[in-house]
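Visitor: What follows is a single structure, and I will ask about it in a moment.
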Amino acid sequence: QVHLVESGGGLVQAGGSLRLSCAASGSIFSINSMGWYRQAPGKQRELVAAITSGGNTDYVDSVKGRFTISRDNAKNTMYLQMNSLKPENTAVYYCHADITIIIPRRDYDYWGQGTQVTVSS
């Protein structure tokens with residue numbers, strides 16, 4: 001059994017910052033790629049940022065230069081530092097991880113429960 005637990009969401013004024021965390025726990029052999037997705041009301045879920053096990057990162061164009069994704073492999077935790085937040089960043093943010101579990105030694109996709117980020121104008 002593997003669980004992803006997000007934290008760090010909340011209400012912030014435009015221009016402010018938030019830091020999201022996603023902690024993985026359970027029968028983990030290795031965590032491969034990880035990513036943050038978001039879903040705003042009435043919209044499809046979209047990939048915001050991704051990071052490989054080696055630390056390579058990618059971002060959706062709208063957050064480049066403002067958001068930073070990182071991970072601490074020793075803690076099985078991923079972060080999303082969000083600066084200069086805008087009202088259009090309001091959404092539920094979900095973490096995702098491609099994890100190889102111990103038994104059987106296979107890869108599975110896991111999702112967190114989501115954390116609400118609300119940016120007021």
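The values are calculated or read from the model by the stated rules, or taken from the named source; none is laboratory data. What you are looking at is a predicted structure, and each value in this text was computed from that prediction instead of being measured. Please note: Cβ atoms are built from the backbone with ideal geometry, for glycine as well, and neighbour counts cover all protein chains shown. Side chains are part of the model used for accessible areas, which takes the heavy atoms of the whole protein and leaves out ligands, DNA and RNA. Shrake-Rupley method; radii C 1.70, N 1.55, O 1.52, S 1.80 Å.
Visitor: Normalised by the residues of the chain, what does the relative contact order come to in percent, with Cα pairs under 8 Å and at least six apart?
Guide: Contact order relative to length: 36 percent.
Visitor: Right, another one. Below 12 angstrom from the Cβ of Ser27, what's the summed charge of the other residues (Lys, Arg +1; Asp, Glu -1)?
Guide: So the surrounding residues net to +2.
Visitor: Aspartates and glutamates near Lys75 by alpha-carbon distance under 17 Å, same-chain residues fewer than 8 away left out - which ones?
Guide: Glu6, Asp98
Visitor: Further question on the same structure: If you take every DSSP beta bridge fully contained in the chain, what fraction is antiparallel? Give it as a percent rounded to 5.
Guide: Of those bridges, close to 90 percent are antiparallel.
Visitor: Then there's this: If the cut-off is a Cα-Cα distance under 25 Å, which lysines reach Lys64, setting aside same-chain residues fewer than 8 apart in sequence?
Guide: Lys43, Lys86
Visitor: Same structure, new question: What ratio of Cα Rg to 2.2 N^0.38 Å holds for the chain?
Guide: Relative to the rule-of-thumb radius for its length, the chain sits at 1.04.
Visitor: If Lys43, Lys86 are ordered by their accessible area, calculated over protein heavy atoms with a 1.4 Å probe, which sequence runs from highest to lowest?
Guide: Lys43, Lys86
Visitor: Another one. What is the extension gain from Asp109 to Ser25, computed as 0.36 nm multiplied by their sequence separation minus the C-alpha to C-alpha distance, in nm to one decimal?
Guide: 28.9 nm is the gain from fully extending Asp109 to Ser25.
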